[in-house]
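The values are calculated or read from the model by the stated rules, or taken from the named source; none is laboratory data. Note that this is a predicted model, so its numbers are computed, not measured. Don't worry about glycine lacking a Cβ; one is built from the backbone with ideal geometry, like all the others, and counts go over all protein chains shown.
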Amino acid sequence: MKVIKIDKKDWAGGLGKLSDAYRLFGPVKDKDVSDFKELAAGELPDFDFLNTNLSAKSAVFPQNEVMFEYSLDESQEDHHIMKEPEKDYSPRAVIGIRPCDAAAFLLVKRNFDTPEYKDPYWIRAYEASTFVGLACNDPGKTCFCTTAGCGPFHEDGLDVLIADAGDHFLAKAITEKGEALLQAAGWGAEADGGQIETMKKAAEAKISSTVSTDSLKDKVTTELYDASFWEDTAFACLNCGTCTYVCPTCWCFDIQDENYGKAGIRMRNWDSCMYPLFTIHGSGHNPRGTKTQRVRQRFMHKLKYYVDKYGAGIQCVGCGRCVRLCPVNIDIREVCEFMNSYDPAATTCKAA
Amino acid sequence: MLGYTDKIKEISERLLKEGKVDMVIGFKKGTMPMMNEPCVIKKAEDAGKLVWDSNCGINLANYLTDRKEKIGIIAKGCDSRNIATHIVENKIRRDQLVIIGVPCKGMIDRHKIASMSETEILSVTDAGDEIIVKAEDSEKTLKKAEVLQKNCAVCTHRNPVIYDELVADLVEEQKDADRYADVREIEAMSAEEKWKYFDDLLAPCIRCYACRNACPLCYCPTCFVDESRPQWVGKSTDPMDTRTFHFLRAYHCAGRCTDCGSCERACPAGINIRVLTKKLEKDCFESYGWEAGLTTEDRPPLDTYKLNDPEDFIK
Amino acid sequence: MQNPYWPYPVRIDNVITETEDKNLKTFKFIFLNPEDEEKFAYKAGQFAELSITGKGEIPIGIASSPTEKGFVMFTVNKVGLVSSFLHAMRPGDIMGIRGPLGNWYPWEKMEGKNVIIIGGGFAFTTLRSSIIYMLANRSKFKDIHVIYGARSPGMLLYRDELAEWEKRDDINMHITVDATDDPDWKYNVGFVPTITEQKAPPSDGETYAIICGPPIMIKFTQPVLDKLGYDNDHIIMSLENRMKCGIGICGRCNIGKEFVCKDGPVFTLGELNTTPKEY
């Protein structure tokens, strides 16, 4: 598809036009921390970031989301019956999402949009979104996207890819949705697409961090599960759940009813496999009652179960957030190496 | 603190070899600048993995809770105070422990150092009272005293309060530290200003509970926020629920908190949570002359009583 | 888009206290909208989320049989927040049911085969559903054996029906209790594994065993079945993990790559042997 040149002086104006047709979401800085927020009128996304602290997943899958409303007032005709609330699924544009976060939506979609069940909240929000990606000219030291099925200029999952070329942006329309967005913004000056390719190669060459995932699918689940390295890997873990909250591909949630007097909401909140309550039975029995079991679940899910279930690679895009934000430095790259190279026949594995 | 690492390795190797402990809990080198990973060493030949530098901020007492083994544990001042608290609260027995004391000169503030660099930091190394920060296109030498974690900058218990081994001579304690400047600032605010301050302080919280889980005091089998019968607190990031969590957690730590800074260090949202616990620390100090974890003899003021208590509620 | 999280509104029609400890009650529900009952077409072995407005949802096996029309029935053990609240609800109260969820016992495969049902304690609910279903389709199956045990006579579920089945000659009932001082007790005394050893027919190579009960019962019954010649692909079990969404999306109930709520709850022992034992 074609590449458009956007002079930076035309950037704010174009976004202004977009805000007539889209709800705009973008990275905003608050006390040095970048995160995705809905942009206020006239507010510009702040592109001065390596990556946001939390991923962009909240644009489609908010941390707290109302699923139903209800009345407990028996004088009401429809008391105790769940009603879907009105929600705003008008077109929204997520501006400045990194290619890794956009690719993550495609991985997560396999969970929310299945042949048997469709999660209406996720799917409606996803379909309402146009993703305008910001290519990474300078990927970080903890970025390992190129070996996690992604890359600094990766296009899958994006509708438009924007690259910062100094005094202007280069915008590549990837889908029709993306083309429509560029048109709505009034950006139309065609440019040579070759420059993006050059920038892409330069950016990819800067990625110094990698993972090997080639052998994961051939491992026997139960052997990997019983591997000796889990105990040591999990030792430092605080079970705080930071890794899961900041992860663009973690999708687990809890469902809770909250009552306010005679009315209430059924809502879902992000949950985490790091928490003991996640799996505890009514009887008190907990199949993942120990820290080690929970840490193993997180990595096995991302690097083995997902691989086996969908045959489409690992459930990780290499954004590096969990590596950067883990308070005790548990590093998925290291764990992935342990798993990928695990040999149950060897008396000691690499990790021991 | 140069040279500590060698001594830690030597002591740990000896303790493991002589069978005095089943394991040593310490730090190993992390995969990123300014990060070390808490680790457990069970074989004498693995003692070489242990390290010590200005990036050992996580409080290792957290890893002792309810353990049954005989344990060697590396402890800087605050860790040792939390070990003492653990002993008082029956979360570990003194005779299970060989405490390898580390006279500490403070941990560095990794967020602060990161924000001082234009480009990503490649390595940070200790050099006595200085820190050498290497980034892609620069190398800077910083005075360590200027980039300490905020709690370390005002720490008055750098030396371990209980120990069985010592990795170096005791260091001089900081004498003129103004420990509660930040608390006084908030105390001076009007009610409206305070409301706004706390609102703003806790707004970025994502309720991940990293602060709670990094805290050696937070060992309740089920935290009040996780209770379902009755459910005290909602599970969303509703500001009321978020505040309830933070305020109540702080109160649970009153008279027990050693200001080790683990909560703040762990927070992924960069929240200055210590202002809550510090206020209670200050109150306990001013009301009872109490500082947590200095002894294994006395219980913290809020879980004990005295017959001669001047307040009449007890009589 | 059909919202799979939306519970069909139902009215509690009837509540029966099943056991002497009063911890198990059977609830009969009637759909407020008759067309919802059609949408709720289920098979024996499936479960549903019982939704109590303002409290939450609990996954419970369906105790009624697809051959019983006009209502659905669940037997609920009082354990947590939602089940305790449900126990205090009365006929006429409005709540919700979401489902049917999960897979079912392999009825297609079991056609023309001997079937032995082994149940213990309150895990007899979907087994009741299965027995009613099989009796209504009796010609489709060869011999049917049922071994069902509880702590005491007063802890057996569905006692009237058990007595009726006892009288029939097209189903072999082996009811047992761990112990009893009731002089009129005319059935077996002993743990389920022991009674299985004594009464269960050996496998003819194609006999299916469906086994539901507490972990300890399953642990000791398994070797008995081995001895009787049942291979792992003919031993069928139903798991209970903590669940929320019930449709394989919320992430908590997995054993390996399988979700108990969606890919299960019914698994063969052969299948379970290839997954981590996180149940």
Worksheet item: When you scan the range A:65-82, how many residues do you find that are of a type in the set (A, V, I, L, M, F, W, C) and either more than 7 Å from every other protein chain (Cβ to nearest Cβ) or assigned to a strand (DSSP E or B) (or both)?
Response: 3
Worksheet item: What about A:F144, is it within 20 Å of A:P91 (Cα to Cα), modelled with pLDDT of 95 or more and either in contact with a Gly (Cβ under 9 Å, 6 or more places away or on another chain) or in the same structural domain as A:L18 (by TED's automatic domain parsing) (or both)?
Response: no
Worksheet item: Which of the residues that make up the range B:228-273 are in contact with an Asp or Glu (Cβ under 6 Å, 6 or more places away or on another chain) and at the interface with chain A (Cβ under 10 Å from one of its Cβ atoms)?
Response: B:G234
Worksheet item: helices (runs of 4 or more DSSP H) wholly in the range C:170-275 with at least 1 residues that are in contact with a strand residue (DSSP E or B) (Cβ under 9 Å, 6 or more places away or on another chain), within 14 Å of another protein chain (Cβ to nearest Cβ) and closer than 25 Å to A:Y275 by Cα - which ones?
Response: C:269-272
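Table: residues versus (1) modelled with pLDDT of 90 or more; (2) surrounded by 17 or more Cβ atoms within 10 Å (Cβ to Cβ); (3) of a type in the set (V, I, T); (4) in contact with a strand residue (DSSP E or B) (Cβ under 8 Å, 6 or more places away or on another chain).
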{"site": "B:F245", "(1), (2), (3), (4)": "yes, yes, no, no"}
{"site": "B:A250", "(1), (2), (3), (4)": "yes, yes, no, no"}
{"site": "B:R256", "(1), (2), (3), (4)": "yes, yes, no, no"}
{"site": "B:G270", "(1), (2), (3), (4)": "no, no, no, yes"}
{"site": "B:K278", "(1), (2), (3), (4)": "yes, yes, no, no"}
{"site": "B:C284", "(1), (2), (3), (4)": "yes, yes, no, no"}
{"site": "B:L307", "(1), (2), (3), (4)": "no, no, no, no"}
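So that you can scan it fast, the table gives a plain yes or no per residue for (1) farther than 23 Å from B:K134 by Cα; (2) buried (at least 16 other Cβ atoms within 10 Å of the Cβ); (3) without any contact (Cβ under 8 Å) to a residue 12 or more places away in the chain; (4) not charged (D, E, K, R):
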site: B:K7; (1), (2), (3), (4): yes, yes, no, no
site: B:S12; (1), (2), (3), (4): yes, yes, no, yes
site: B:M23; (1), (2), (3), (4): yes, yes, no, yes
site: B:G30; (1), (2), (3), (4): no, yes, no, yes
site: B:P33; (1), (2), (3), (4): no, yes, no, yes
site: B:E37; (1), (2), (3), (4): no, yes, yes, no
site: B:I41; (1), (2), (3), (4): yes, yes, no, yes
site: B:A44; (1), (2), (3), (4): yes, yes, no, yes
Discussion item. Of everything in the range B:118-150, what is closer than 20 Å to A:D48 by Cα and surrounded by 17 or more Cβ atoms within 10 Å (Cβ to Cβ)? Give them in sequence order.
Written reply: B:I121, B:A135
Worksheet item: Could you count how many residues in the range A:215-237 are within 11 Å of another protein chain (Cβ to nearest Cβ) and either among the aliphatic types (A, V, I, L, M) or not in a helix (DSSP H, G or I) (or both)?
Response: 6
Item to complete: Sort out which residues of the range C:225-243 are buried (at least 24 other Cβ atoms within 10 Å of the Cβ) and over 18 Å from the mean Cα position of the chain (by Cα), and write them in order of number.
Response: C:L225
Discussion item. Please pick out the residue among A:S283, A:S272 that is within 10 Å of chain C (Cβ to nearest Cβ) and crowded, with 22+ Cβ neighbours inside 10 Å.
Written reply: A:S272
Worksheet, complete the sentence: Taking the range B:35-50 and keeping residues more than 12 Å from every other protein chain (Cβ to nearest Cβ) and either of a type in the set (A, V, I, L, M, F, W, C) or in a loop (DSSP other than H, G, I, E, B) (or both) leaves B:A44, B:A47, B:L50
Discussion item. So, A:V307, is that one modelled with pLDDT of 95 or more, in contact with a Phe, Trp or Tyr (Cβ under 9 Å, 6 or more places away or on another chain) and part of a helix (DSSP H, G or I) or not?
Written reply: no
Item to complete: Scan the range A:172-184 and give yes if some residue there is part of a loop (DSSP other than H, G, I, E, B) and assigned by TED's automatic domain parsing to the domain that holds A:P99, otherwise no.
Response: yes
Worksheet item: Do we find a residue being in contact with a helix residue (DSSP H, G or I) (Cβ under 7 Å, 6 or more places away or on another chain), under 21 Å from A:D156 (Cα atoms) and either part of a helix (DSSP H, G or I) or within 13 Å of chain B (Cβ to nearest Cβ) (or both) anywhere in the range A:84-100?
Response: yes
Fill in: Matching option when the condition is assigned to a loop (DSSP other than H, G, I, E, B) and crowded, with 24+ Cβ neighbours inside 10 Å, among A:G151, A:G157, A:G140
A:G151
Practice prompt. Kindly indicate whether any position in the range A:18-29 is within 14 Å of chain B (Cβ to nearest Cβ) and of a type in the set (K, R).
Written response: yes
Worksheet, complete the sentence: Of C:D204, C:D182, C:D226, the only residue that is over 18 Å from C:S130 (Cβ atoms) and without any contact (Cβ under 8 Å) to a residue 12 or more places away in the chain is C:D226
Practice prompt. Mind listing just one residue for me: the one in the range A:238-260 that is away from chain C (no Cβ under 11 Å) and in a loop (DSSP other than H, G, I, E, B) and, of those, surrounded by the fewest Cβ atoms within 10 Å (Cβ to Cβ)?
Written response: A:N239
Discussion item. Exactly one condition in (1) surrounded by fewer than 23 Cβ atoms within 10 Å (Cβ to Cβ); (2) touching a His at 6+ places or on another chain (Cβ under 8 Å); (3) not in a strand (DSSP E or B) is false for A:K5; which is it?
Written reply: (3)
